[in-house]
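K.L.:
Shown below is the structure under consideration.
The values are calculated or read from the model by the stated rules, or taken from the named source; none is laboratory data. Because the structure is a prediction, the values reported are computed rather than measured. Glycine also receives a Cβ, built like all others from the backbone with ideal geometry; neighbour counts cover every protein chain displayed.
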């Protein structure tokens, strides 16, 4: 069996409440470009009668975020057993200055923003889109040595977690924020 030679993520798709509102919000808040819309009355892969609008947004760097509006389906919900902070879409920004500028822009638009939050090798802000999807903007702040060390200890941490279901301490330094 041959393992596929993946190039990149083609797109990631989520559900939205209103396709136009979603496209407008992502353009206004995050500067994404609306590139494509597909609309069908039947689902091409299954043949089901289920009208939908499928919209695609260019996130930069060859990344595409897509949404489906499904007017004949029950109202959107979320997994009640998964905390709201777990499922999110994270985008990288250039640096800490860009992160702070994004926070200011979002807040000026009336968006509630949490952070910046320090994660050792990146800082993030968090907020919700109009569909209830949690969005993260992250600015990398780590060194090449730190990223190499994280890669080195990742298998050790996963193995320990699998056995104990307790947080391994191989990268404890990530949780020790330097004093400003």
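K.L.:
Answer yes if at least one residue in the range 170-179 is part of a helix (DSSP H, G or I), more than 19 Å from residue 125 (Cα to Cα) and at pLDDT 95 or above, and no otherwise.
P.N.:
No, that holds for no residue.
K.L.:
Now, a different point. Select from the range 62-93 the residues that are touching a strand residue (DSSP E or B) at 6+ places or on another chain (Cβ under 8 Å) and surrounded by fewer than 11 Cβ atoms within 10 Å (Cβ to Cβ) and write down the one among them that is nearest to residue 15 (Cα to Cα).
P.N.:
72
K.L.:
Now for a separate question. In the range 101-116, which residue that is in contact with a strand residue (DSSP E or B) (Cβ under 7 Å, 6 or more places away or on another chain) and surrounded by 13 or more Cβ atoms within 10 Å (Cβ to Cβ) is nearest to residue 140 (Cα to Cα)?
P.N.:
116
K.L.:
Which of the residues spanning the range 103-154 are at positive phi and in contact (Cβ under 8 Å) with a residue 40 or more places away in the chain?
P.N.:
Passing the criteria: 120, 132.
K.L.:
Could I ask something else about it? Report whether or not residue 126 is modelled with pLDDT of 95 or more and crowded, with 17+ Cβ neighbours inside 10 Å.
P.N.:
Answer is yes for this residue.
K.L.:
Right, another one. Just to be sure, is residue 34 assigned by TED's automatic domain parsing to the domain that holds residue 128, in contact with a strand residue (DSSP E or B) (Cβ under 8 Å, 6 or more places away or on another chain) and either in contact (Cβ under 8 Å) with a residue 40 or more places away in the chain or surrounded by 13 or more Cβ atoms within 10 Å (Cβ to Cβ) (or both)?
P.N.:
Answer is no for this residue.
K.L.:
Got at least one residue in the range 135-144 being surrounded by fewer than 14 Cβ atoms within 10 Å (Cβ to Cβ) and out of contact with any helix residue (DSSP H, G or I) (no Cβ under 8 Å at 6 or more places or on another chain)? Break it down stepwise before answering.
P.N.:
First pass over the range 135-144, keeping only residues surrounded by fewer than 14 Cβ atoms within 10 Å (Cβ to Cβ): 143-144.
With out of contact with any helix residue (DSSP H, G or I) (no Cβ under 8 Å at 6 or more places or on another chain) added as a condition, the list becomes 143-144.
So far as the range 135-144 goes, yes, one or more of its residues are surrounded by fewer than 14 Cβ atoms within 10 Å (Cβ to Cβ) and out of contact with any helix residue (DSSP H, G or I) (no Cβ under 8 Å at 6 or more places or on another chain).
K.L.:
So is residue 22 out of contact with any helix residue (DSSP H, G or I) (no Cβ under 9 Å at 6 or more places or on another chain), without any contact (Cβ under 8 Å) to a residue 12 or more places away in the chain, on the phi < 0 side of the Ramachandran plot and not in a strand (DSSP E or B) or not?
P.N.:
no
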